[in-house]
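Everything below concerns the one structure shown next.
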Amino acid sequence: VKDPYGLPYIPGSSLKGAIRTVLLGYKLSMNPPADQLQSDIRYDSRARRRNELERNLRKPSQMVEETFHILKREKVKKENAVCDELSGLRISDSKPLNTQDLILCQKIDKGIDGNNQILPTFRECLKPEIKIYFDMTIDESICNYKKSDILEAVAYFFDNVNKQYKKYGALSQNRKCGITIGGGAGYISKTVLYNIYP
């Protein structure tokens, strides 16, 4: 995203969303979900029409999402976002970068058969090795995660994502541990399905 002065930055909500996925994936791997949830997702995903599929998968996905809804609030249902312990994790927008930090990248879809499909789509991306700075605040009276917990979850999730991407030969062996965010980052990096179905 660019700010009013034309300088690129990454919204804190993007990084927090990625961290949320990482923590959820880690939590699901350490405490596998009940067989019933796996069965519900399998059964519901067989719906033939897309609108039916979305409606059927809403319940299991809400159950997974509500993993963080552990705060007890008077007169508030558990499903309400104010019961989410990650409301105690705050991440600022990144400090502005320079337009010289950007590069234009072409979209390439890599199939499991190893073939590349080069698409006529380009995106502005950050150049490799650009450092990005965010401020993160953890209210420990609400959020049970510490910085060390987040870093441990990131490393675990990264390894899990890397295993899946290696099937496509899509990543170099020396890739540094991190979180992948943004458009075109790949489905595997944005889902916890691989943690539900190892």
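The values are calculated or read from the model by the stated rules, or taken from the named source; none is laboratory data. Since the model is a prediction, treat every value here as computed from it, not as a measurement. As a convention, Cβ positions derive from the backbone with ideal geometry for all residues, glycine included, and neighbour counts pool all protein chains shown. Surface areas here come from the heavy atoms of the whole protein model, side chains and all, with no ligands, DNA or RNA. Shrake-Rupley method; radii C 1.70, N 1.55, O 1.52, S 1.80 Å.
Side notes on the structure shown:
- At least 1 residues being within 21 Å of Val22 (Cβ to Cβ) and modelled with pLDDT of 80 or more is the threshold, and among the strands (runs of 3 or more DSSP E) wholly inside region 88-197 those reaching it are 89-91, 116-126, 136-138.
- Qualifying residue in region 20-28 (condition: modelled with pLDDT under 85 and of a type outside the set (A, V, I, L, M, F, W, C)): no
- Filtering region 74-112 to residues that are hydroxyl-bearing (Ser, Thr, Tyr) and within 20 Å of the chain's Cα centre (by Cα) leaves Ser87, Ser92, Ser94.
- Selection count where residues are assigned to a helix (DSSP H, G or I), touching a strand residue (DSSP E or B) at 6+ places or on another chain (Cβ under 9 Å), within 21 Å of Leu15 (Cβ to Cβ) and open to solvent by less than 50 Å² (accessible area, probe 1.4 Å), scope region 62-87: 2
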